[in-house]
Amino acid sequence: MIPFNKPPLTGNEVQYITEALKGNKISGDGPFGKRCQQWFEENLPTQKALLTPSCTAALELAAILIDVQSGDEIIMPSYTFVSTANAFVLRGAKIVFVDIRPDTMNIDETKIEAAITDRTKAIVPVHYAGVSCEMDAIMDIAGRYSLYVIEDAAQGVMSSYKERPLGTIGHLGAFSFHETKNYTSGGEGGLLIINDARFTERAEVIREKGTNRSQFFRGQVDKYTWVDIGSSYLPSEMQAAYLWAQLEKANEINDARLRTWKSYYDSFRKLIQEGFIELPIIPDYCIHNAHMFYIKVKNLQVRTELLEFLKNKNILGAFHYIPLHSTPVGKDWGRFSEDEVYTTSESERLLRLPIFFGIKDEEVSLVVKEVSNFFKEPHA
Ligand SMILES: *Cc1c(COP(=O)(O)O)cnc(C)c1O
């Protein structure tokens, strides 16, 4: 059986978790937590990086930080994970969905301006498959209309756009360390990236249940109290210890994933020439992180058949995102701006193949072989 995903494991996780357990602080912001945050602050670099229990939590924190109010509008693609929208809907915002570009599956930056109204508060670009959105255009629009940009970079750790790491270009950015992502903090986890210093102090307060506890620990105030709204957005030291083992091997994991990605890409040349599949397009100024390897087939029917065919060969593929505007909650809380041309049709023909840290060359070859066999059969 070739699974679709295996959580990354580098070997030092258990040792670091044991180390953390021996310390007398296993709640948030312990030594491993601080080390991880510092790693991101130095390596991205950014103003401030705050570990969170998930990317979902980081997006929620971002929505509180930019003061989203009931009736505000937030622009994002419909082709994304529910958390991108939920974070803002929880604050009473309406979602305005913009179509995607068929080449990268990212929000079509040329259609954003038409979606702006006087209620618009923010644009949330989602860097699908770790390939960047058109950030120059997006930041330009945001600047002209005084909007916030919150990058959903859940899939974009180690990716960049014109040499700028994803997550560091907007006012705020969010990473995910869920087990399905390139790096994990033990199953669940995330990071809020603060690129605009105006948000730093308040982010710490919101993350600490609305208290100024962080300032108290730094000796900046002599007691801590309830100073703002907030929630519990700290992951435990166990999660940070797990993540540290991954960050130490960040390049190794990234290189291995890129090798797998390239191996798929090169092996599928023939099927492209024969017109059976299309492959992802990476703009030449984008460096991606091989978060995903997807192919596009002719239509939904072919995809369903191919997924079933692979499953019968013990290979697990996956599809992605039922567009949010077509869901029950998406209909209540969102509207689609202008015509929906590519979101549904392109998502229906996208199929993701197994890719994870530690996948063997033989496994990749077998997947390629079986996908090729599928197209040789008469039913395709
Ligand atoms: C995975 C993912 C999330 C959610 O991440 P969690 O850490 O599981 O909360 C949000 N947005 C996108 C685009 C994702 O891929």
Those residues of segment 290-316 which are touching a strand residue (DSSP E or B) at 6+ places or on another chain (Cβ under 8 Å) and either surrounded by 15 or more Cβ atoms within 10 Å (Cβ to Cβ) or assigned by TED's automatic domain parsing to the domain that holds Tyr128 (or both), in sequence order: Met292, Phe293, Tyr294, Ile295, Lys296, Val297, Arg303, Leu306, Leu307, Ile315, Leu316
Taking segment 116-127 and keeping only residues that are out of contact with any Leu (no Cβ under 8 Å at 6 or more places or on another chain) and either of a type in the set (Phe, Trp, Tyr) or away from the ligand (no atom under 16 Å from the Cβ) (or both), one is left with Thr117, Asp118, Arg119
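Mind listing whichever residues of segment 182-197 are farther than 18 Å from Asp255 by Cα, within 11 Å of the ligand (Cβ to nearest atom) and of a type outside the set (Gly, Ala, Ser)? Steps first, answer last, please.
Narrowing segment 182-197 to residues farther than 18 Å from Asp255 by Cα: 185-197.
With the extra rule that they be within 11 Å of the ligand (Cβ to nearest atom), the set shrinks to 185, 187-191.
Those that are farther than 18 Å from Asp255 by Cα, within 11 Å of the ligand (Cβ to nearest atom) and of a type outside the set (Gly, Ala, Ser): Glu188, Leu191.
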Answer with yes or no whether Phe276 is within 30 Å of Ala115 (Cα to Cα) and surrounded by 16 or more Cβ atoms within 10 Å (Cβ to Cβ). no
Need pairs with beta-carbon distance below 9 Å; first residue assigned by TED's automatic domain parsing to the domain that holds Ala290 and within segment 170-198, second within 7 Å of the ligand (Cβ to nearest atom) and at pLDDT below 95; sequence gap 6+ or separate chains. none
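State whether the residues of segment 205-223 include one that is within 16 Å of the ligand (Cβ to nearest atom), of a type outside the set (Lys, Arg), under 27 Å from Leu147 (Cα atoms) and outside any loop (DSSP other than H, G, I, E, B). Working first, answer last.
Keep residues of segment 205-223 that are within 16 Å of the ligand (Cβ to nearest atom), which gives 207.
When the remaining residues are screened for being of a type outside the set (Lys, Arg), the result is none.
Scanning segment 205-223 turns up no residue that is within 16 Å of the ligand (Cβ to nearest atom), of a type outside the set (Lys, Arg), under 27 Å from Leu147 (Cα atoms) and outside any loop (DSSP other than H, G, I, E, B).
Out of segment 284-340, which residues are within 20 Å of the chain's Cα centre (by Cα) and either over 29 Å from Asp255 (Cα atoms) or part of a helix (DSSP H, G or I) (or both)? Let's see the steps before the verdict.
Taking segment 284-340 and keeping what is within 20 Å of the chain's Cα centre (by Cα), we get 285-295, 317-325, 330.
Scanning segment 284-340 gives Ile322, Pro323, Leu324, His325, Gly330.
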Given (1) outside any loop (DSSP other than H, G, I, E, B); (2) away from the ligand (no atom under 16 Å from the Cβ), index of the condition Thr168 fails: (1)
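For every residue, the table says whether it meets (1) within 16 Å of the ligand (Cβ to nearest atom); (2) part of a loop (DSSP other than H, G, I, E, B).
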residue	(1), (2)
Ala114	no, no
Ala129	yes, no
Cys133	yes, yes
Arg144	no, no
Gln155	yes, yes
Gly173	yes, no
Thr180	yes, yes
Criterion (in contact (Cβ under 8 Å) with a residue 24 or more places away in the chain and within 11 Å of the ligand (Cβ to nearest atom)) met by exactly one of Phe81, Phe97: Phe81
How many residues does segment 1-27 hold that are surrounded by fewer than 12 Cβ atoms within 10 Å (Cβ to Cβ), within 24 Å of Asn251 (Cα to Cα) and of a type outside the set (S, T, N, Q)? 1
Can you tell me which residue in segment 273-283 is modelled with the lowest pLDDT, limited to those that are assigned to a loop (DSSP other than H, G, I, E, B) and within 18 Å of Arg101 (Cβ to Cβ)? Pro280
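So that you can scan it fast, the table gives a plain yes or no per residue for (1) farther than 25 Å from Glu19 by Cα; (2) at pLDDT 95 or above; (3) of a type in the set (A, V, I, L, M, F, W, C):
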| residue | (1), (2), (3) |
| --- | --- |
| Gly173 | yes, yes, no |
| Gly186 | no, yes, no |
| Leu191 | no, yes, yes |
| Gln220 | yes, no, no |
| Ser236 | no, yes, no |
| Gln239 | no, yes, no |
| Asp266 | yes, yes, no |
| His288 | yes, yes, no |
Going residue by residue through segment 44-65, is there one that turns out to be crowded, with 16+ Cβ neighbours inside 10 Å, within 16 Å of the ligand (Cβ to nearest atom), more than 28 Å from Arg164 (Cβ to Cβ) and outside the structural domain of Trp261 (by TED's automatic domain parsing)? no
Go through Ile359, Ile287, Ile281 for me and flag whichever is touching a residue at least 24 places away in the same chain (Cβ under 8 Å), closer than 24 Å to Ala115 by Cβ, not aromatic (Phe, Trp, Tyr) and not assigned by TED's automatic domain parsing to the domain that holds Phe97. Ile281
Just to be sure I understand the filter: pairs with C-beta atoms under 8 Å, separated by 6 or more residues or on different chains, first member in segment 1-16 and more than 23 Å from Leu366 (Cα to Cα), second member of a type in the set (Ser, Thr, Tyr). Which pairs pass? Glu13/Tyr242; Tyr16/Tyr242
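With assigned by TED's automatic domain parsing to the domain that holds Asp72, of a type outside the set (Lys, Arg) and either in contact with a Ser or Thr (Cβ under 8 Å, 6 or more places away or on another chain) or surrounded by fewer than 19 Cβ atoms within 10 Å (Cβ to Cβ) (or both) as the only criterion, which of Ala154, Ala122, Ala142 stands out? Reasoning before the result, please.
Working: Ala122 fails: either in contact with a Ser or Thr (Cβ under 8 Å, 6 or more places away or on another chain) or surrounded by fewer than 19 Cβ atoms within 10 Å (Cβ to Cβ) (or both); Ala142 fails: either in contact with a Ser or Thr (Cβ under 8 Å, 6 or more places away or on another chain) or surrounded by fewer than 19 Cβ atoms within 10 Å (Cβ to Cβ) (or both).
After applying the criteria, what remains is Ala154.
The values are calculated or read from the model by the stated rules, or taken from the named source; none is laboratory data. These numbers come from a predicted model, not from an experiment. Neighbour counts are summed over all protein chains in view; Cβ atoms, including those assigned to glycine, are modelled from backbone coordinates with ideal geometry.
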